[in-house]
Amino acid sequence: MSLNGQQIKQIIFKIAQMIDENKMYLTELDAAIGDGDHGINMSKGFQAVIDKIKDDNGDNIGDMLKKVSMALIANVGGASGPLYGTAFMKAGMWVGNRREISIEDYYNMLLEALNGIKARGRASIGEKTMVDSLEPAINELKVSIDNKFNELECLEKMVNSAKLGMENTKNIVATKGRASYLGERSIGHLDPGAVSCYLILKTIFEEVKKIKG
């Protein structure tokens, strides 16, 4: 895959644009089972991210991702700020001061992000959270890499698994966060965190596909 820091920066900008375009959809999902602010908060956070990294030269990917983390933690309200902030922080810590990453690096960065989210949110798969889209996606990415699929195929399979995991949150009773207060009534609703996680992974795949042509 071999993405350099400048390419990763452009992907982050695309994520910010995508979140802004979907902020009302994500907020509507959250209004059904949560505080009703997920999309608006995420958009605000990623606008702050753009401001934070716009002058970054991309020579130190880990440092850039830590800037993303701090902007999200400072600007995204509710649980999403600490969780997404932790994800980018852990990914940045793993990659360190490298200037480019491979598909294997990407897998390890996502795995570190997942472990950080699970520790911070004390969440496991099957509890109607972002873990339900992220964990199956990462597992699929590992299998695809091990089976030596080409990089775009690996990313596509990963995104398809994230989508299935996201869609399955409709069938899960929420046990975390504000949605847990609804109990059985949370069934039939998508988890907004699982949706935003899927959309981020999908955007990364689409942008890598453009870069690699």
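How do Lys90, Lys176 line up, fewest other C-beta atoms within 10 Å first?
Lys176, Lys90
Past the 18 Å Cα-Cα mark, which pairs from Lys66/Lys163; Lys67/Lys209; Lys14/Lys148; Lys157/Lys209; Lys118/Lys202?
In this structure, Lys66/Lys163; Lys67/Lys209; Lys14/Lys148; Lys118/Lys202 exceed 18 Å between Cα atoms.
Would you work out the charge dipole size for region 3-212 about its Cα centre, treating the Cβ of every Lys and Arg as +1 and the Cβ of every Asp and Glu as -1, and quote it to the nearest 20 debye?
240
Going 7 Å from the Cα of Asn115 toward and past its Cβ, which residues in region 125-148 have a backbone nitrogen under 18 Å from where you end up?
Counting backbone N atoms under 18 Å from the label point, the list is 125, 131, 134-143.
Tell me the net charge near Ser69. Cut-off is 15 Å between Cβ atoms, Ser69 excluded, with +1 for each Lys or Arg and -1 for each Asp or Glu.
So the environment of Ser69 carries a net charge of +2.
Take Leu111, Leu26 and order them by how many other Cβ atoms sit within 10 Å, fewest up front.
Leu111, Leu26
Distance between the C-alpha centers of region 187-213 and region 123-148? Whole Å please.
After rounding, the separation between the Cα centres reads 13 Å.
Per the helix-only calculation at 222 nm, which mean residue ellipticity applies to the chain, given -39500 (n - 2.57) for every DSSP H run of n ≥ 4 and division by its residues, nearest 500 deg cm²/dmol?
Helices in the chain give a 222 nm mean residue ellipticity of -23500 deg cm²/dmol.
Have a look at Ile33, Leu3, Ile15 and report the one farthest towards the positive end of the charge dipole of region 1-49, computed about the Cα centre with Cβ charges (Lys/Arg +1, Asp/Glu -1).
Farthest along the dipole direction, towards plus: Leu3.
Connecting C-alpha atoms closer than 10 Å in a GNM of the chain, tell me which of Ala71, Ala137, Ala32 has the biggest fluctuation.
Highest fluctuation among the options: Ala32.
Read the figures in this text as sums done on the coordinates, not as results from a lab. Source: prediction; values computed, not measured. Cβ atoms come from the backbone with ideal geometry, glycine included; neighbour counts cover every protein chain shown.
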